[in-house]
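Read through the structure below, which is laid out as structure tokens, and then see the notes.
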Amino acid sequence: MLKWALIFAVVALIAGALGFTGMAGAAAGIAKVLFFVAVIGFVLFLALGAFVGKKISGG
């Protein structure tokens, strides 16, 4: 998912440089949403790994 966020960010930068402001704004918005979804997923799995790992190992 983070890969797609990076792709949309690059598309937004290129579109902005070429003057396609509408498309650049849309691509930047999509990139922003995908980035935050990836960060939330990372934090969620990090927390699950910490809590479940403790429970399984008995620590």
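The values are calculated or read from the model by the stated rules, or taken from the named source; none is laboratory data. Predicted model only: the values in this text are computed from it and were never measured. Remember, those area values only see protein heavy atoms, side chains included, never the ligands or the DNA or RNA. Shrake-Rupley method; radii C 1.70, N 1.55, O 1.52, S 1.80 Å.
Could you please state how large a percent of the accessible area of the chain is carbon and sulfur, counting protein chains only and using a 1.4 Å probe?
Details: 3800 of 4610 Å².
Exposed carbon and sulfur together represent 83 percent of the surface.
Expressed as an acute angle from 0 to 90° and rounded to the nearest 10, what is the orientation of the C-alpha long axis of helix 2-18 relative to the principal long axis of the chain?
That works out to roughly 20 degrees.
Stretched out fully, how many nm does the piece from Lys3 to Thr21 gain, at 0.36 nm a residue minus the Cα gap?
4.2 nm
In Å and on Cα atoms, what radius of gyration and Dmax does the chain show?
Computed over the Cα atoms of the chain, radius of gyration and Dmax are 17.3, 58 Å.
Return one whole number: the accessible area per residue of region 3-59 in Å², for a 1.4 Å probe. Can you show the working numbers first?
On the way: 4390 Å² over 57 residues.
The answer is 77 Å² per residue.
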